[in-house]
1. If a residue counts only when it is within 16 Å of the ligand (Cβ to nearest atom) and touching a His at 6+ places or on another chain (Cβ under 8 Å), which strands (runs of 3 or more DSSP E) contained entirely in the stretch 29-142 have at least 2 such residues?
2. Which residues, counting only those in the stretch 110-128, are exposed (fewer than 14 other Cβ atoms within 10 Å of the Cβ) and closer than 22 Å to Arg80 by Cα?
3. Within the stretch 57-65, identify whether any single residue is open to solvent by 90 Å² or more (accessible area, probe 1.4 Å) and either under 20 Å from Val133 (Cβ atoms) or of a type outside the set (Phe, Trp, Tyr) (or both), and answer yes or no.
4. Any chance the stretch 36-51 includes a residue that's of a type in the set (A, V, I, L, M) and modelled with pLDDT under 95?
5. Restricted to the stretch 10-25, and to residues that are modelled with pLDDT of 95 or more and open to solvent by 100 Å² or more (accessible area, probe 1.4 Å), which residue is nearest to the ligand (Cβ to nearest atom)?
6. Could you list, ordered by first residue, the pairs with Cβ atoms under 6 Å in which the first is in the stretch 35-58 and within 23 Å of His12 (Cβ to Cβ) and the second is within 13 Å of the ligand (Cβ to nearest atom), at least 6 apart or interchain?
7. Just for the stretch 62-95: of the residues that are at pLDDT below 95, hydrophobic (A, V, I, L, M, F, W, C) and within 14 Å of the chain's Cα centre (by Cα), which one is farthest from His12 (Cα to Cα)?
8. The conditions are (1) touching a residue at least 60 places away in the same chain (Cβ under 8 Å); (2) open to solvent by 40 Å² or more (accessible area, probe 1.4 Å), and Val7 fails exactly one of them. Which is it?
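The values are calculated or read from the model by the stated rules, or taken from the named source; none is laboratory data. The model shown is predicted, which means the values in this text are computed figures rather than measured ones. Note that each Cβ is placed from the backbone with ideal geometry, even for glycine, and that neighbours are counted across all protein chains shown. Keep in mind that these areas ignore ligands, DNA and RNA; they rest on the heavy atoms of the full protein, side chains included. Shrake-Rupley method; radii C 1.70, N 1.55, O 1.52, S 1.80 Å.
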Amino acid sequence: MAEIVTVSRKAHFNATHRLHNPYWDDVRNEKVFGKCNNQNYHGHNYSLIVKVTGEVDPETGYVIDLGVLSQIIKEHIEERYDHKNLYMDLEDFRDLNPSAENIAIRIWLILRDKLDDRLSLRIELYETERNFVEYSGPELIK
Ligand code: NI
């Protein structure tokens, strides 16, 4: 019987954003989002932890080659988001508030597409040291 192990890789990117709902007026945006609604944007040093779970390959001893995983993260996440204004520089959040929740979902979808179907994926995204979100794919709240 194959053993199931989770392997993880950390990554970082710096980006600016602003929380804003274009369908609300300025007063409501300010009330709900506070400082995060600052119209000139603000930055975060995002930390990302990517967790991949699967069977250990008996020939390599790997779940996934961490060199391959780190390259996928670098190419598709870090190069995409690092030193970017999430609203102005990318299509990703034109119609989607770039909250940590929505960024995490977006990152998960990008990475999910690059990984073998036999592997499961969970990510943690830290917006600050104390504030972070986790996402492991669509599921219904029971
Ligand atoms: Ni923020």
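1. Filter on the stretch 29-142 gives 42-55.
2. Of everything in the stretch 110-128, those that are exposed (fewer than 14 other Cβ atoms within 10 Å of the Cβ) and closer than 22 Å to Arg80 by Cα turn out to be Asp113, Asp116, Thr128.
3. Yes - at least one qualifying residue is present in the stretch 57-65.
4. For the stretch 36-51, residues of a type in the set (A, V, I, L, M) and modelled with pLDDT under 95: absent.
5. Looking at the filtered set, the residue picked out is His12.
6. Cβ pairs passing all conditions: Cys36/Leu19; Tyr41/Thr16; Tyr41/Arg18; Gly43/Thr16; His44/Glu127; Asn45/Asn14; Ser47/Tyr126; Leu48/Leu125.
7. Among those residues, the one meeting the criterion is Phe93.
8. Going through the list (1) touching a residue at least 60 places away in the same chain (Cβ under 8 Å); (2) open to solvent by 40 Å² or more (accessible area, probe 1.4 Å), Val7 breaks only (2).
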